[in-house]
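Trainee: This is the structure I want to talk about, given as structure tokens.
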Amino acid sequence: MNDTMPHSPLRSPTRPGATIATIAVACAALLTGCASTKAPAPTSFDFGPVAAPVTAMPAAASFPALVVADVNGPATLDTDRMFYRLMYANAQQALPYAYNRWAATPLQLLSQRLKARIAQGGVKVLSTTDATGGLPLLRLDMDEFSQNFASATQSTANISLRASLFRGHLLVDQRTFTRSADAPSADAAGGASALAATSDAIAADLLAWLATQPPR
């Protein structure tokens, strides 16, 4: 659902007897109207503050410290542009909002959110740059991050994330998490809100999965 509406051109047919002055006045009025129409101010969105913690999980028992890599994903998610899909028109085409942006790329936003939520679950989160040897590594790959419109007035946020847990260079387990949430409004703000809620649900799933992994 785009955040702009196309403007119909102003047509002003002239009669054969119209004077040059009349035509000049009409043209001036048209130019003035176009000049006075300003584009909406750009708006940026993020996932909001990390407030209430997710449901407590005993993940820290198996992982007192965990290296969490930044989320990987396709190039379309490594940009601050906000996209949506009209599933009822052309599901294969991702359309950009004209005047709305993410405050950071979706890959960065999800990386920050998941690391914060995992830390809230009691796990000491380290990055790949400051980690010491021997700690388990959590790799995250995002397969889907989208706002999909089933109709002109209803959309859902969808995230699909593949998590791979490594100890040393050995793959311990891998799981794909998929979540969706209804957007509260049929626009970019509604999509941002729903994607934030979906990210938190994915984080809760991750913590629950980590809690099932055997201790080192």
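The values are calculated or read from the model by the stated rules, or taken from the named source; none is laboratory data. Fair warning: this is a prediction, and the values are worked out from it, not measured in the lab. A quick note on method: Cβ atoms are made from the backbone with ideal geometry, for glycine too, and the neighbour counts reach across all protein chains shown. Note: areas computed on protein heavy atoms with side chains; ligands, DNA, RNA excluded. Shrake-Rupley method; radii C 1.70, N 1.55, O 1.52, S 1.80 Å.
Trainee: If you place +1 on the Cβ of every Lys and Arg and -1 on the Cβ of every Asp and Glu, how big does the dipole about the Cα centre of region 93-216 come out, in debye to the nearest 20?
Mentor: 440 debye
Trainee: Now for a separate question. I want the local charge near residue 158. Using Cβ-Cβ distances under 13 Å, sum +1 for each Lys or Arg and -1 for each Asp or Glu among the other residues. Write down the numbers at each step before the final one.
Mentor: Numbers: positive: 85, 179; negative: 143, 144, 182.
Every neighbour counted, the sum reads -1.
Trainee: Still on this structure, I have one more. Let me have the relative contact order for region 68-199, percent, based on Cα pairs under 8 Å that are six or more residues apart. Provide the component values of the computation, followed by the final result.
Mentor: On the way: 252 pairs, mean separation 31.3, N = 132.
Computed over region 68-199, the figure is 24 percent.
Trainee: Sum up the charges of everything whose Cβ sits under 11 Å from the Cβ of residue 209, counting Lys and Arg as +1 and Asp and Glu as -1, but leave residue 209 out.
Mentor: Local net charge: -1.
Trainee: Place a point 7 Å from the Cα of residue 141 along the Cα-to-Cβ direction; which residues of region 62-78 have their backbone N under 20 Å from it?
Mentor: 67-78
Trainee: Under 5 Å between amide H atoms, partner at least 5 residues away or on a different chain: which partners does residue 122 have, H built in plane at 1.01 Å?
Mentor: Under 5 Å from the amide H of residue 122 lies no amide H from a residue far enough along the sequence or on another chain.
Trainee: In nm, what is the difference between 0.36 nm times the number of residues separating residue 80 and residue 129 and their Cα-Cα distance? The partial results should precede the final answer.
Mentor: Numbers: separation 49, 0.36 × 49 = 17.64 nm, distance 2.44 nm.
Stretched out fully, the residue 80 to residue 129 stretch lengthens by 15.2 nm.
Trainee: Hey, another quick one. State the extension gain, in nm to one decimal, for the chain segment bounded by residue 98 and residue 209, taking 0.36 nm per residue of separation less the distance between their alpha-carbons. Show your work: numbers first, answer last.
Mentor: Values: separation 111, 0.36 × 111 = 39.96 nm, distance 3.83 nm.
Separation in residues times 0.36 nm, less the Cα-Cα distance, equals 36.1 nm.
Trainee: I'd like the accessible area for residue 81: 1.4 Å probe, protein heavy atoms, all chains in place, Å² to the nearest 10.
Mentor: 90 Å²
Trainee: Same structure again: So what are the ³J(HN,Hα) numbers for region 163-177, from phi and the Karplus equation (6.51, -1.76, 1.60; θ = phi - 60°), rounded to whole Hz, Gly and Pro as x?
Mentor: Coupling constants for region 163-177: 10, 10, 9, 10, 10, x, 10, 9, 6, 7, 6, 9, 8, 9, 10 Hz.
Trainee: Additional query: Rg to Rh for region 60-216: what is it, with Cα atoms only and Rh by Kirkwood?
Mentor: 1.02
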